[in-house]
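What follows draws every value from the coordinates through simple rules; no lab data is involved. Source: prediction; values computed, not measured. Quick reminder, even Gly has a Cβ in these numbers, built from the backbone with ideal geometry, and neighbours come from all protein chains shown.
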Amino acid sequence: MSAPVPAAASRGIDPRGQRFGAGLSAIVLGLATVLALTVAPAAIVVVPLVGLALGISSARGTRYFVFGRPWPTVRRLLRLAPPRELEHEVPPRFAQAMGATFLGLATLAFVVGLTPLGWLLTIAVAGLQTLLAATGYCLGCKLYGLKWYVPALYDRVLGVQPAVERIPLVRIR
């Protein structure tokens, strides 16, 4: 494994592009769900493909997120100004890793015959992506900012320093 990359060296991204990509993937997952529940069981193939797209982006960087790729063109066509502020790339990548994990579990549920569970997990991911697209609130990004072992493990796998200062989890007694 390579030496950790300081958070300051992390790539800054346009948060509007993340919202755009989340919206597109939520639409695709929503359409797959509706089609699979009504007419086309083959729509189940879409879930692992979206999970794969999230996984690649999580592992390699958000510039590889296929659903976010149209954003620069859309921004240019709409003549939108550059973002006022860039955000660290690592928290959204962590959120995408969580989405890829849930869609992987959904795919596994489909394979073993637990189709309702598969669609429940798919709808959960689509719902969280819709929340991000509509409001800018990213639950996965917020979970990355909490001090627990999963984000720290993710940082070690990526070989980066934490992108944000983590807040300790509150213990209820």
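Evaluate 2.2 N^0.38 Å with N set to the residue count of segment 12-136, then give the Cα radius of gyration divided by it.
On the way: Rg = 14.8 Å, N = 125, 2.2 N^0.38 = 13.8 Å.
With N residues counted in segment 12-136, Rg over 2.2 N^0.38 Å equals 1.07.
Counting alpha carbon pairs within less than 8 Å and at least 6 residues apart, what relative contact order, in whole percent, applies to segment 83-131? Working shown, then result.
Values: 22 pairs, mean separation 14.4, N = 49.
Rounded, it is 29 percent for segment 83-131.
Over the chain, what relative contact order in percent results from Cα pairs under 8 Å that are six or more residues apart?
On the way: 233 pairs, mean separation 57.4, N = 173.
Relative contact order for the chain comes out at 33 percent.
Which angle between 0 and 90 degrees, to the nearest 10, do you get for helix 46-60 versus the longest principal axis of the chain when only C-alpha atoms count?
That helix lies at roughly 10 degrees to the long axis.
Can you pull out the GluC sites (Glu not before Pro) in segment 73-103 whose DSSP state is coil and whose Cβ has at most 12 other Cβ atoms within 10 Å? Don't skip to the end; give the middle numbers.
Details: sites: Glu85, Glu87, Glu89; in loops: Glu85, Glu89.
Hits after loop and neighbour filter: Glu85.
Scan the chain and report its longest stretch carrying no chymotrypsin sites (Phe, Trp or Tyr not before Pro) that are both in a DSSP loop and have at most 15 other Cβ atoms within 10 Å.
Formally, the longest exposed-site-free interval is 1-136.
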